[in-house]
Amino acid sequence: MKQVLRSLFSLTLIVLSVLGLMNVYSDNSEVVAMAGRVACTSCQPRLVQAGRSPIAQTLTFQTGPQTLVVVECQRSLYFVGEYSCSQAPASP
């Protein structure tokens, strides 16, 4: 029984690691486009910074000469599911 639990635990960690790597290194052009629409619906925002982690992406867009908008996108179930994006709260 102990061996079965060890094997299941190891398999779970391997699967989560692979999913995390896929979230960080896979093509994210759809997420960037979705985040751009959240940043500005009436302009053509320019991506100036992107940060990716296994469970979320943080994208910074320039929407005007002095205007930066930060958008956070994350999956519905941490490692899997559809991405949803929202504007991050303004930094002080």
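Throughout, read-outs are computed from the coordinates displayed, never taken from laboratory work. Only a predicted model underlies this, so the values are computations on that prediction, with no experimental measurement involved. Glycine also receives a Cβ, built like all others from the backbone with ideal geometry; neighbour counts cover every protein chain displayed.
Report note on the peptides 16-29, 63-76: ranked by the mean count of other C-beta atoms within 10 Å, highest first, their order is 63-76, 16-29. For the range 36-67, the residues whose backbone nitrogen is under 16 Å from a point 7 Å from the Cα of residue 17, taken along Cα to Cβ, are 54.
Computed from label points 7 Å out along Cα-Cβ, the spacing between residue 66 and residue 41 is 2.7 nm.
Given their separation in residues at 0.36 nm each and the Cα-Cα distance between them, residue 27 and residue 88 gain 19.7 nm when the chain is fully extended. Under a no-solvent Debye model with one identical scatterer per Cα of the chain, what's log10 I(q)/I(0) at q = 0.10, 0.17, 0.20 Å⁻¹? Treating every Cα as an identical point scatterer, log10 I(q)/I(0) equals -0.34, -0.73, -0.91. Using a cutoff of 8 angstrom between alpha carbon atoms and counting only pairs six or more residues apart, the relative contact order for the chain works out to 22 percent.
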